[in-house]
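**Student:** Please see the structure below; I have some questions.
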Amino acid sequence: MTTAQAKNASITDRKILKTAIVDSFRKLDPRLQIKKPVMFVVEVGAVITGVVLVLEAFQHKGNFWFGLQITLWLWFTVLFANFAEAMAEGRGKAQAETLRKARAETQARKLRPDGKTELLPSSKLRSGDVVLVAAGEFVPGDGEVIEGVASVDESAITGESAPVIRESGGDRSAVTGGTRVLSDEIKVRITSNPGETFLDRMIGLVEGASRQKTPNEIALNILLAGLTIIFLLAVVTLQPFAIYSGSPQTVFALVSLLVCLIPTTIGGLLSAIGIAGMDRLIQRNVIAMSGRAVEAAGDVDVLLLDKTGTITLGNREATAFYACPSITEAELASAAQLASFADETPEGRSIVVLAKEKYGLRGRELAPHNPLFIPFSAQTRMSGVDMDGKEIRKGAPEAIARYVAEKGQIVPEEMQQHIERIAKSGGTPLLVAQNFRVMGAIELTDIVKGGIRERFDHLRAMGIRTMMITGDNPLTAAAIARQAGVDDFLAEAKPEDKMALIRNEQAKGKLVAMTGDGTNDAPALAQADVGVAMNTGTQAAKEAGNMVDLDSNPTKLIEIVEIGKQLLITRGSLTTFSVANDVAKYFAIIPAMFAGTFPLLNTLNIMKLRTADSAILSAVIFNALIIIALIPLALRGVKYRPLGAAALLRRNLFIYGLGGVIAPFAGIKLIDILLSWLHLA
Amino acid sequence: MTGNGWFQILLYFGVILLITKPMGVYLYRVFERKSTWLDPVLRPIERLIYRACGIEEKKEMKWTEYGVAMLVFSAASLLLLYLIERVQLWLPWNPQKLANVAPDLAWNTAVSFTTNTNWQSYTPESTMSYLTQMAGLAYHNFASAAVGIALAVAVIRGVARKESSTIGNFWVDATRAFLWALLPFSLVGALFLVSQGVVQNLHPYTNASLLESQVIEKQNPDGVVKKETITSQVIAQGPVASQEAIKMYGTNGGGFFNANSAHPFENPTPLSNFFQMCLIFAIPSGLTYTLGRMTGSQRHGWAVWSAMAVLFLVGVVVAYSAEARGNPLLAGVNSRASDTQPGGNMEGKEVRFGIADSALFTTVTTDASCGAVNNMHDSLTPIAGMVPLINIMLGEVIFGGVGAGLYGALVFVILAVFIAGLMVGRTPEYLGKKIESFDVKMAVLAILITSVTILIFSAIAVVSKFGVAGISNPGAHGLSQVLYAYTSSVGNNGSAFAGLNANTLWYNTTLGVAMLLGRFFMIIPILAIAGSLAAKKQVPESLGTFPVTGPLFTVLLISVVLIVGALTFFPALSLGPILEHLLMNAGKAF
């Protein structure tokens, strides 16, 4: 989907734009507006000025041209805010359409208790039903593979076109409705009822239909409503003061003042920011089951990261040979390579590659030597080859030690030292023996992902602690932790340790985020404040977490945290900007209102706006245009920077606080000049 | 402006800075129930009070229980004062045989003293008996101040505690505030004031012969002007010193005499004047340190203090320079400061205080919701008159009333944290407590109540016959008078622009309602915040934590106080003092 989307980006964008414009008008419905108190007040204001305009026109009173412009701009203010929201929803809607196609009705082959299959539409399936899905068929609903192995095309959900393997048992057993089986046949137990499937939820989420206001958004809405009420009263009571002072005001001036004072900028963009935040997650192929989780991601204090796949590349690689004194390194490499030819594990292959790179050992024709490959077994914990009367073995140091001990040999002291040093530095030592004599050691190293250290540094700067979870022994774990730059680690971790760790951190008041895929991760995923389940994982894990990563990339947790923070930063910045804007608007409108009666009050007209009408109109126009101007920022989000809170606050206060005070002075003045140039006021 | 003037202002500021820590530590020890050097004397009295009143010392209260206890106590005190006023003629210590107080005035006064406002619609020496002054008014000076301190401490506890359902015991907090925080200092303060010449007696008023007889013109009801020669005057007496100390120290401000701290028996010398100003800021300033100590973030305490200090200094500088500049309309008068005169606008000022001490007193008394006055605020130049008005409009958070200033400031702290806190990319946190929708709702409510009450009552007053009737000067200055009266009431300040005749049914009643709303409808949401914060988990501090310390936070807090507090009133102000100032410069006075 990601690649397809890039191709269609311009087409979709144009389509989104068109829909958004239509939607802006549809959203004028007061029943929708009332959910956004600030914009509702603007709409009511626009209706009032509209009515007064018509009444005055009939009585040939007032300044029709001025009143008309004010009224129009008030409607524009509402429309611009609607447009922002519609734009934010647009992308999700387009995506939902694609998903809906995947949900299209399919026929399911339900397995009856008597062993026969019956055909029925997928919408009739209930949780607990068992179905058969063969190559070429669509999986009729979310479920768990209970028998068989199959390769499945999940591109409808993940956008990733390479097929994935799904098999019964283990951590790769979950299948999603709407995906297509490419080979073999599997037996699937359905785990969801129609309308509650993953696909349904996903459609709901991307469309924003099931979007609920998040806790922080609710709190912000309360603040905005409170400010709106306060300013409403300030304006309503201004009329009596004005009457007392002998300078009663027109409805247009009062409504204009009100609309300029209430926080329309953030009020108009708030929901767009929220939707866009969720959308940014979806763009990165992460499905958040609730907006609350996205917010929580911004608040996370501790990240629990599995070592394998998140911090390290997942596979160890051979990086060095250490030969015994009587043997050359090349001999050792050669033996190690021979012992590894049949070893299909990534570690084994990396030994072959290292020997090839270092000593040019390649292209060996082994067949004439009649090699007998000894595969790795859990009992011996060694693998190797017998050929030309040579018996070559490689394995863990203890295993080889036991093996050579059979013939009374021991591991030389020098090799012991190597083994210890390798373990201490985070590597894994292997020994190679030929005919029961130790030849030397191979160092397997965990390769820490490139750039991960910097990311952890960033996280630390933001006050987030990273914790590595690994099954390795403490020595190895400590070395990798040091290399990767994590703050802490949990070695020899069992699933219940993870759970205890999360509880422990939460008791200290911290928010914990983690990723997981296995069934035994499910309790921890549920306990964590942000639990990201891998899409390749089990159904249980996906149910337990509050986010699903369709790419199944555990490193993405860091990006999720950043997106959460960005969402909150954008909200805060625009709120600050919006409130700071008020100062300039006062200086535009108050002198304009009263300078007619008290010319002295023109002293407050520090922007030197031309006329009273032009001043009021300029403020209203600025107020409307700033919404449009900030839509890109609201949708894109304020650029996130990995800085400490103090530095971030200083920076954002400077830009959005101080900037918010200054910008409207310039903006209103500019509009005033334009208006007088166009002879509009 | 003179070097001496600036020196006095800076000296005052220095003294406040110096007493902040000792006072804060002392209050901390009192309310955390740690030992203090007064324990040997006060502890037995405290125990006796608890035993007599059946108070369980160790029992903690939820915020709702705390609030109910506070309301019950305040209501009972209010009723007591009302009754005393209504029957004072039949009670002892009424040598002047002053009549029972009229119902609307008695109500207004009872509310006024219960709410720590001490707005006075009456002339005390001709209205209140000694008993009413002592048992009624001075008692309330202690009681309302003790309630304020107790509430502030309860709110601080709310911030400091974690996962707790309770915020302290109201009866214990109020008792300890009274015994430890208020009583000893008031006793010493009263004695010091006596040393400066403040009177303390129960004598009937003194009748003194004038050294020089005065001829005044009096207009009879039939319109005939008659000349009358005055040869004697009545000099009011009373137990002044005992009431004076707590009047300042508890930021009450209700004068024993009509002239308040301008009266030589209340405030005889420049030294007593300086001392009184120090008393006003002592507890409010100290409480910021207590905040830091109790929450374990001393730097936060100082950040809040700094925000208050900056706003205070700006106010003083504006008021002092406006007053020292004098009135440009008096072109022919020499208003330059010299050895023989203080210069500037001396209308409504005491010569023994001069410009600097009057401007400073005005700023201090309105910053701190005290409301005592040593000069006539109605006579201030428009800009200097706007300083006290804005001080009160900001919500009495520039040090503020005892306790009330701190909990009022915490509302702004919460709003500042919420508005700007999002910008660091986390759910806003105040000292580890997440600020959620309930807290925001309550904070908004607290702010809303004050501005709404001021604006609505003032708006009705200026367009109604009964409201306009009380205005003594027309035009922009009249608007300032009305605005000041309601602002002062809601802010529980109690100072007056004085030009307004407020002893009418309309003003007595509505100002009373305004005082109640301004006090209790603000307290309840704040207690709710305290309860909600106390119950929350505390997120440990990290690099990602929103900093509530340091200059950046101080600037932020000031901005929020100014923008949220002042923007609401900007339209009204521009038609009042700002317009008046411009008109004055253009040669028009009211």
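**Student:** Can you sort B:61, B:515 so the residue with the fewest Cβ neighbours within 10 Å comes first?
**Tutor:** So the ranking, lowest neighbour count to highest, is B:61, B:515.
**Student:** Quick one: net charge around residue A:433, please, counting Lys, Arg +1 and Asp, Glu -1 for every other residue with C-beta under 12 Å from its C-beta.
**Tutor:** +4
**Student:** Find, among the trypsin sites (Lys or Arg not before Pro) in region A:20-128, those assigned to loop by DSSP (not H, G, I, E, B) with at most 15 other beta-carbon atoms within 10 angstrom.
**Tutor:** A:35, A:61, A:116, A:126
**Student:** Turning to a different aspect of this structure: Can you compute the modelled spin-label distance between residue B:62 and residue B:207, with each label point 7 Å from Cα toward Cβ, in nm?
**Tutor:** Using points 7 Å along Cα→Cβ, the separation is 6.4 nm.
**Student:** Right, here's the next one. Show me B:235-245, A:240-250 ranked by packing, highest mean number of other Cβ atoms within 10 Å first.
**Tutor:** With the highest mean Cβ count within 10 Å placed first, the list reads B:235-245, A:240-250.
**Student:** Mind checking which lysines have their Cα closer than 30 Å to the Cα of residue B:227? Skip sequence neighbours fewer than 8 apart in that chain.
**Tutor:** Partners found: B:97, B:218, B:349.
**Student:** Once phi is turned into ³J(HN,Hα) by the Karplus curve 6.51 cos²θ - 1.76 cosθ + 1.60 with θ = phi - 60°, what whole-Hz value does each residue of region A:46-63 show in order, with x for glycine and proline?
**Tutor:** So the J values, rounded to whole Hz, are 5, 5, 4, 5, x, 5, 4, 4, 5, 4, 5, 5, 5, 8, 6, 10, x, 9.
**Student:** For region B:1-75, which chymotrypsin sites (Phe, Trp or Tyr not before Pro) are in a loop by DSSP, counting at most 13 other Cβ atoms within 10 Å?
**Tutor:** The qualifying sites are B:37.
**Student:** Something else now. First select every other residue whose beta carbon is under 15 angstrom from the beta carbon of residue A:478; then total the charges, Lys and Arg +1, Asp and Glu -1.
**Tutor:** So the surrounding residues net to -2.
**Student:** Label region A:333-447 by shape, choosing from rounded, prolate and oblate, from the square roots a ≥ b ≥ c of the eigenvalues of the Cα gyration tensor; if a/c is under 1.5 it is rounded, and otherwise prolate applies when a/b is larger than b/c, oblate when it is not.
**Tutor:** oblate
**Student:** Ok, one more. Is the protein assembly as shown best put as rounded, prolate or oblate by its Cα gyration tensor, with a ≥ b ≥ c the root eigenvalues, rounded for a/c under 1.5, and otherwise prolate when a/b is larger than b/c, oblate when not?
**Tutor:** Note, shape of the protein assembly as shown comes out prolate.
**Student:** What lysines sit close enough to residue A:407 to cross-link, taking a C-alpha to C-alpha distance under 20 Å and skipping anything fewer than 8 places away on the same chain?
**Tutor:** A:390, A:394
**Student:** For region A:387-424, run through the trypsin sites (Lys or Arg not before Pro) and keep only the ones in DSSP coil with at most 15 other Cβ atoms within 10 Å of their Cβ.
**Tutor:** Passing sites in region A:387-424 are A:407.
**Student:** Determine the calculated [θ] at 222 nm for the protein assembly as shown from helices alone, applying -39500 (n - 2.57) to every DSSP H run no shorter than 4 residues and normalising by the residue count; nearest 500 deg cm²/dmol.
**Tutor:** Per the formula, -18500 deg cm²/dmol.
**Student:** Where the centroid of each part is defined by its Cα atoms, how far is region A:214-260 from region A:498-531 in Å?
**Tutor:** Centre-to-centre distance over Cα atoms comes out at 47 Å.
**Student:** Rounded, prolate or oblate: which one fits region B:259-334, using the alpha carbon gyration tensor with axes a ≥ b ≥ c (rounded when a/c is under 1.5, else prolate when a/b beats b/c, else oblate)?
**Tutor:** Verdict is oblate for region B:259-334.
**Student:** Among A:369, B:377, what is the fewest-to-most ranking by other Cβ atoms within 10 Å?
**Tutor:** A:369, B:377
**Student:** What does the average come to when, for each residue of peptide A:647-654, you count the partner chain Cβ atoms lying within 10 Å of its Cβ?
**Tutor:** What the average comes to for A:647-654 is 5.
**Student:** Can I ask one more? Hey, what do the phi angles of region B:159-165 turn into as Karplus ³J(HN,Hα) couplings, whole Hz, using 6.51/-1.76/1.60 and θ = phi - 60°, x for Gly and Pro?
**Tutor:** With coefficients 6.51, -1.76 and 1.60, one gets 6, 7, 6, 10, 6, 10, 8 Hz.
**Student:** Net charge near residue A:676, counting Lys/Arg +1 and Asp/Glu -1 over other residues with Cβ under 15 Å of its Cβ?
**Tutor:** Net of charged neighbours comes to +1.
**Student:** If you count, for every residue in A:228-238, the Cβ atoms of partner chains within 10 Å of its Cβ, what is the mean?
**Tutor:** 6
**Student:** Evaluate peptide B:580-587: per residue, the Cβ atoms of other protein chains within 10 Å of its Cβ; return the mean as an integer.
**Tutor:** 2
All of the numbers you see were taken from the coordinates with simple rules; none came from a lab. All of these numbers come straight from a predicted model, not from anything done at the bench. We place every Cβ from the backbone using ideal geometry, glycine too, and count neighbours over all the protein chains shown.
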